[in-house]
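Before any comments, here is the structure.
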Amino acid sequence: MNPFCKRNQLVALTLPELVIVLAALAIFAMILLPSLARPKGPTLSGRCRNNLREVGLSFRVWAIDHNDKFPMQVSVTNGGTMEFVDRGTSSMHFLSLSNELSTPKVLFCPSDSRPGPPTNFIYDFDSSKISYFVGVGAAQGNAMMILTGDRNITNGPGMRGGFLELLPHQPAGWTHEMHAQHGNIGLTDGSVQLLSTPQLRKAITTAGVATNRLAMP
């Protein structure tokens, strides 16, 4: 007898054993595949930053055609939103950028749990489908001013008349709603940063203004 014959024989599975193996593989796939397909936090945050970069660029392109002023500093008669500033909502300022933005969908963060994004600038556009605020005092002359960012920003006291006011040395921070208590802000120079709460407070103190007045969605 060849001593290697038995060793080289294929080991066959019985039908019950085969069923058990296939069932185990199916359970493993059910557990693993959804976690692989689900976007991770950093990925969503990266998509949010890309949105804000496009928003910031749109503000700057708009300003080129309006004497280097953002919509908040230009009258409605000239296409701006100056008369809407005191209403304390970001939607009107974003609406003025409809020709510069590629799609209203960039105004919605993929980490936002609210219904969205808006699909058009006419029938499906309101604050409930917007994820970002607008710094109504932001101006081209100050590159460090906060122009836009995630709506999960907070200042402790809360909003007043639709505005959130950020003061130096005030306990500003982020809620848990988006980006795991972090948030993105876009500055007037076009840069976008993901910040922790301590980093946000530092950004407020270096913005160069006494009050950062944010129109919230």
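The values are calculated or read from the model by the stated rules, or taken from the named source; none is laboratory data. Just so it is clear, the structure is predicted and the values come from calculations on it, not from any experiment. Glycine gets a Cβ as well: all are built from the backbone with ideal geometry, and neighbour counts include every protein chain shown.
Could you give every pair whose Cβ atoms fall below 6 Å, whose first residue belongs to the stretch 194-214 and is within 21 Å of Arg53 (Cα to Cα), and whose second residue is charged (D, E, K, R) and surrounded by 13 or more Cβ atoms within 10 Å (Cβ to Cβ), counting only separations of at least 6 or pairs across chains?
From residues that are within 21 Å of Arg53 (Cα to Cα), the pairs are Arg213/Glu165.
Take the residues of the stretch 208-217 that are part of a loop (DSSP other than H, G, I, E, B) and in contact with a Leu (Cβ under 8 Å, 6 or more places away or on another chain): which is surrounded by the fewest Cβ atoms within 10 Å (Cβ to Cβ)?
Applying the filter and picking the extreme gives Ala210.
Which of the numbered conditions does Ala143 fail, given that it passes all the others? Conditions: (1) more than 22 Å from Val76 (Cα to Cα); (2) out of contact with any Gly (no Cβ under 7 Å at 6 or more places or on another chain); (3) at pLDDT 90 or above; (4) among the aliphatic types (A, V, I, L, M).
If we test Ala143 against (1) more than 22 Å from Val76 (Cα to Cα); (2) out of contact with any Gly (no Cβ under 7 Å at 6 or more places or on another chain); (3) at pLDDT 90 or above; (4) among the aliphatic types (A, V, I, L, M), just (3) comes out false.
With the requirement that a residue be basic (Lys, Arg) and either outside any helix (DSSP H, G or I) or farther than 16 Å from Leu101 by Cβ (or both), what does the stretch 60-89 give you? Step through it out loud before you land on a result.
Applying the first criterion (basic (Lys, Arg)) to the stretch 60-89 yields 60, 69, 87.
Answer for the stretch 60-89, where residues must be basic (Lys, Arg) and either outside any helix (DSSP H, G or I) or farther than 16 Å from Leu101 by Cβ (or both): Lys69, Arg87.
Please work out which one of (1) surrounded by 15 or more Cβ atoms within 10 Å (Cβ to Cβ); (2) within 19 Å of His179 (Cβ to Cβ) is the condition Phe125 fails and give its number.
Every condition holds for Phe125 apart from (2).
If we scan the stretch 2-16, do we find a residue that is more than 21 Å from the chain's Cα centre (by Cα), more than 22 Å from Gln193 (Cα to Cα), modelled with pLDDT under 60 and assigned to a helix (DSSP H, G or I)?
For the stretch 2-16, residues more than 21 Å from the chain's Cα centre (by Cα), more than 22 Å from Gln193 (Cα to Cα), modelled with pLDDT under 60 and assigned to a helix (DSSP H, G or I): absent.
Mind counting the residues in the stretch 177-202 that are at pLDDT 90 or above and more than 26 Å from Leu95 (Cα to Cα)?
Number of matching residues: 9.
Considering the stretch 173-189 alone, what residues qualify as being surrounded by 15 or more Cβ atoms within 10 Å (Cβ to Cβ) and under 17 Å from Met144 (Cα atoms)?
If the condition is that a residue be surrounded by 15 or more Cβ atoms within 10 Å (Cβ to Cβ) and under 17 Å from Met144 (Cα atoms), then Gly183, Asn184, Ile185, Gly186, Leu187, Thr188 are the ones that fit.
Every residue, every condition in (1) in a helix (DSSP H, G or I); (2) more than 26 Å from Lys69 (Cβ to Cβ); (3) of a type in the set (A, V, I, L, M, F, W, C), yes or no:
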| site | (1), (2), (3) |
| --- | --- |
| Pro110 | no, yes, no |
| Phe121 | no, no, yes |
| Leu147 | no, no, yes |
| Gln193 | no, no, no |
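Listed here are the residues, each with its yes/no results for (1) among the acidic types (Asp, Glu); (2) crowded, with 20+ Cβ neighbours inside 10 Å; (3) out of contact with any Pro (no Cβ under 9 Å at 6 or more places or on another chain); (4) closer than 19 Å to Leu194 by Cβ.
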| position | (1), (2), (3), (4) |
| --- | --- |
| Leu97 | no, yes, no, no |
| Pro118 | no, yes, no, no |
| Gly135 | no, yes, yes, yes |
| Gly141 | no, no, yes, no |
| Met144 | no, no, yes, yes |
| Gly149 | no, yes, yes, yes |
| Gly156 | no, no, no, no |
| Leu167 | no, no, yes, no |
| Gln170 | no, no, no, no |
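Please go through (1) buried (at least 17 other Cβ atoms within 10 Å of the Cβ); (2) under 20 Å from the mean Cα position of the chain (by Cα) for Asn50 and return the number of the only condition it doesn't satisfy.
(1)
List the number of the failed condition for Ala203; all other conditions in (1) surrounded by fewer than 16 Cβ atoms within 10 Å (Cβ to Cβ); (2) in a helix (DSSP H, G or I) hold.
In the conditions (1) surrounded by fewer than 16 Cβ atoms within 10 Å (Cβ to Cβ); (2) in a helix (DSSP H, G or I), Ala203 misses (1) alone.
Could you list, ordered by first residue, the pairs with Cβ atoms under 6 Å in which the first is in the stretch 47-67 and in contact (Cβ under 8 Å) with a residue 40 or more places away in the chain and the second is among the small types (Gly, Ala, Ser) and surrounded by 20 or more Cβ atoms within 10 Å (Cβ to Cβ), at least 6 apart or interchain?
Final answer for the pair search is Leu52/Gly186; Gly56/Gly186.
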